[in-house]
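S.K.: Sharing a structure with you now.
A short reminder: the numbers here are calculations on the coordinates, not readings from a lab. Please read these numbers as outputs of a predicted model, since none were measured by experiment. Cβ coordinates were reconstructed from backbone atoms using ideal geometry, including for glycine residues, and neighbour counts include every protein chain displayed.
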Amino acid sequence: MTQFHLTALDIGIMLAYAAGIILYGLYHARRKNSEEYFLAGRNMVWPIVGISLFAANISSSTLVGLAGDAFKGNVHVYNYEWLAAVVLVFFAIFFLPFYLRSKVYTMPEFLERRYDVRSRYYFSFITIVGNILIDTAAGLYVGTIVLKLMFPQLTTATIVAILAFAAAAYTIPGGLNSVIQTEVVQAVLLIAGSVLLTWFAFDAVGGWSGFIAGLDRMAAAGLVGGEGAAQPTSAEEVLSLIRPADDPFMPWTGLLLGAPILGFYFWANNQFMVQRVLGARDLNHGRWGALFAGLLKLPVLFFMVLPGAVAILLFHDLDLTALHYVRPDGSLCANLRDCPNMTYPVLLFNLLPKGILGLVLAGLLAAMMSSVSATFNSASTLITMDFVRKIKPDLTSQQLVRAGQIATLVLVILASVWAPQIERAASLWQYLQEVLAYICPPVAAAFIVGLFWKRANGTGAFVSLLTGFVLALVMLVATIQLTLHADAAPAWAQTIGSIHFLHKAFYLFVISAVVNVAVSLATAPPPADKVAHYTWHKGMLEEESEELARLPWYQNYRYLALGLLLLTALVVGYFA
């Protein structure tokens, strides 16, 4: 049986880091005015922008989710990671110029400028809900998993309260600059810890050759994956990123049609990600930072996903009953097959030497704090700029900052209440993606149609958003019915609920886009200013080419984007 213990050295390192990062965040607090508080003064250079994007995305929930699904045989969870590089290229070329030139604070604010205030309020509300349900609550949940293993005497409520307070301690007073500055430190520690874990994991199985040979044996014995799909019979099948159409986790059709939509929303529409780029010094720094973040996503396969696959060889039958970890159905967690979300903590405690363990655990908790603090800041920005400022336009800049701080405190409480509910999902990563699949397609359709089609108007966008929302609710109810009642669920629920969530995302996107086009054509054209300043046209490429001609090639984002796409194709092609 396995028990988790920390030495005094490990605990000391973790406490010292927690205190240090909070003090560091407070030291870099900027709150002289609303622009400094919410957008770090719009003065971030590209390395900071890129690392901040990466750190906010590669959170503790990502670490735990990637390792957990890889342990279940879903190594193709990496498809979400490399897709980010492709999406960020698209984002840097087409959307980022409009975001930065418009000088907006929030993504809903941009949607209002392209359409009208109705779309802004809808998107702002949906984004706030998504931040609470996805990023903030998931980060707190992961922190709960790790600390519960180390300190079983603490209740879940106590752990969540401690973690939420730690993340809010520098976010509330310091704003985005505190968030970004601490993220840079945390990203370095996070990457170093993940590389160390990968080294020890592969060393334990005899390197890459031992890993492949072990996977071949486990696959031949039927001990890898196979949740509703054909069992892989070799390491090559286990590591393949392109899976059959009946794969329950990510069929190739879902990868082609649905996953890019989730990625586009996450990187190009999601406030807590785009807010970092809005703080860039200028367009070039924003573009370079976005592409740098895409580059950092590619090695994730090797030092965050594959260690989870190594756990298949090392800890497939590890006895976890001594942990007394109770699952939502009331049963005890007997092994990793019962509780795959524990894969990453198990790797840490069983492979890393003392001292290094404390450092890496500090990195894991740092990632949690990074993600949670990022969502706190972005959601408070939405509440303040999209609701408070609209209701009371005469508030001073300092009063807006105070409103943002109060909003952050409220969000801390709401996320803390929801976090324990995540454990009811099949896996952490699936929970994150399924919530996105219901929330993001109508919004992504509104942004894409609005940018590339001049005839789209406010009424078309608003009706399409409401239509997508209603359809998403129907799909969600059908899924819940099928989950709770299985064969006893109504026929309509069985039909809709059985559709893969990535396919649902694609259907929602297409229907929302069609509704936007149809309603826009049936109503009056949009005002000229909505089209002139917020829609893309070919002339922009020519103007941009003249500007780029004055830069050396290594500063031309087009060459950098092409290089990133080629590198991505090489990685994906090798594991396809």
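S.K.: Could you please rank Glu546, Glu434, placing first whichever residue has the fewest other Cβ atoms within 10 Å of its Cβ?
M.R.: Ordered by Cβ neighbours within 10 Å, fewest first: Glu546, Glu434.
S.K.: For each pair in Lys148/Lys504; Lys103/Lys504; Lys72/Lys504; Lys148/Lys392, compute the distance between the two Cα atoms and list the pairs where it is over 32 Å.
M.R.: On the way: Lys148/Lys504 35 Å; Lys103/Lys504 34 Å; Lys72/Lys504 23 Å; Lys148/Lys392 43 Å.
Table pairs above 32 Å Cα-Cα are Lys148/Lys504; Lys103/Lys504; Lys148/Lys392.
S.K.: Rounded to the nearest 0.05, what FRET efficiency do Lys392 and Asp317 have when you use their Cβ-Cβ distance and R0 = 35 Å?
M.R.: My answer for the efficiency is 0.05.
S.K.: For Ser102 and Ala19, FRET efficiency with R0 = 41 Å and r from the beta-carbon atoms, rounded to 0.05?
M.R.: Between Ala19 and Ser102 the formula returns 0.55.
S.K.: At a Förster radius of 41 Å, what calculated FRET efficiency corresponds to the Cβ-Cβ distance of Val129 and Leu567, to the nearest 0.05?
M.R.: After rounding, the FRET efficiency stands at 0.70.
S.K.: Right, here's the next one. Restricting things to alpha carbons, find the Rg to Rh ratio for segment 51-129 using the Kirkwood radius for Rh.
M.R.: Reported Rg/Rh, Kirkwood definition of Rh: 1.09.
S.K.: Suppose every Lys and Arg Cβ carries +1 and every Asp and Glu Cβ carries -1, with no other charges. What dipole size does segment 263-328 come out with about its Cα centre, to the nearest 20 debye? Spell out each step's value before the answer.
M.R.: Details: 5 positive and 3 negative charges, 74 e Å.
Result for segment 263-328 is approximately 360 debye, rounded to the nearest 20.
S.K.: Between Thr158 and Leu256, with labels modelled 7 Å along Cα→Cβ, what's the label distance in nm to one decimal, could you check?
M.R.: It works out to 5.4 nm between the two label points.
S.K.: Measure off 7 Å from each Cα along the Cα-to-Cβ vector at Phe452 and Ala488, then give the distance between these two points in nanometres to one decimal.
M.R.: Modelled inter-label distance: 4.7 nm.
S.K.: Want the number for Glu542 to Leu466: 0.36 nm per residue separation, take away the alpha-carbon distance, what's left?
M.R.: On the way: separation 76, 0.36 × 76 = 27.36 nm, distance 3.71 nm.
Fully extending the segment from Glu542 to Leu466 adds 23.6 nm.
S.K.: For a footprinting-style exposure proxy, rank His485, His76 by other Cβ within 10 Å, fewest first.
M.R.: His485, His76
S.K.: Go through 196-204, 83-91 and give me the packing order, highest mean Cβ count within 10 Å leading.
M.R.: 83-91, 196-204
S.K.: Can you list residues from other chains, or at least 5 along the same chain, whose modelled amide H is less than 5 Å from the amide H of Met44?
M.R.: Sorted by chain and number, the residues that satisfy this are Ala280, Arg281.
S.K.: Next question, about the same structure. How are the C-alpha pair distances of segment 230-324 spread across 5 Å bins, as whole percents from the shortest bin up?
M.R.: 3, 9, 12, 16, 16, 13, 11, 10, 6, 3, 1
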